[in-house]
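Take a look at the structure below.
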Amino acid sequence: MLIDRRITEDRSRRRAEESLNIRAAKLPLDELRVKELSSCEPLNVDTVMELMQRWWWNCDRVEERLQQINGSGETKCDDNTEKYGKLYKKCFIEAAAFAMKSQRDRHPNRTVHKTE
């Protein structure tokens, strides 16, 4: 994860891809369907770290559920691949929503940075 102090759209992505030869990806914040929030939004590092931690915890819970459903120690992605994808997407959406709410509660004047 690259963290830049200066808020410049796509600066970390460009630095990762051009200088470090690392494939970069954006968090799909558009999935939250919040009017003033997009996947290009520069986020506070605390928000990103909270989002990643919550996402990890949510996915752990899904993995445990899938193991119980399958009755074995592993998850199987056979006929239920689409269903599993929806579960993992829900993990992200819940994690991102909680992280953005925490950010808004902590810093109400710094929630949305991007203006068009």
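Of the GluC sites (Glu not before Pro) found in region 19-65, the ones in coil according to DSSP and having at most 12 other Cβ atoms within 10 Å of their Cβ are GLU36. Surface analysis of region 15-59 yields an accessible area of 71 Å² per residue, using protein heavy atoms and a 1.4 Å probe. Using Cα positions and a limit of under 14 Å, work out the aspartates and glutamates in reach of LYS83, with same-chain residues fewer than 8 apart set aside. The qualifying aspartates and glutamates are GLU63.
The values are calculated or read from the model by the stated rules, or taken from the named source; none is laboratory data. Keep in mind that what you see is a predicted model, and the values were worked out from it rather than measured. Positions of Cβ are generated from backbone atoms using ideal geometry, with glycine treated the same way; all protein chains shown enter the neighbour counts. The protein model used for the area step is the full one, side chains on, heavy atoms only, and it has no ligands, DNA or RNA in it. Shrake-Rupley method; radii C 1.70, N 1.55, O 1.52, S 1.80 Å.
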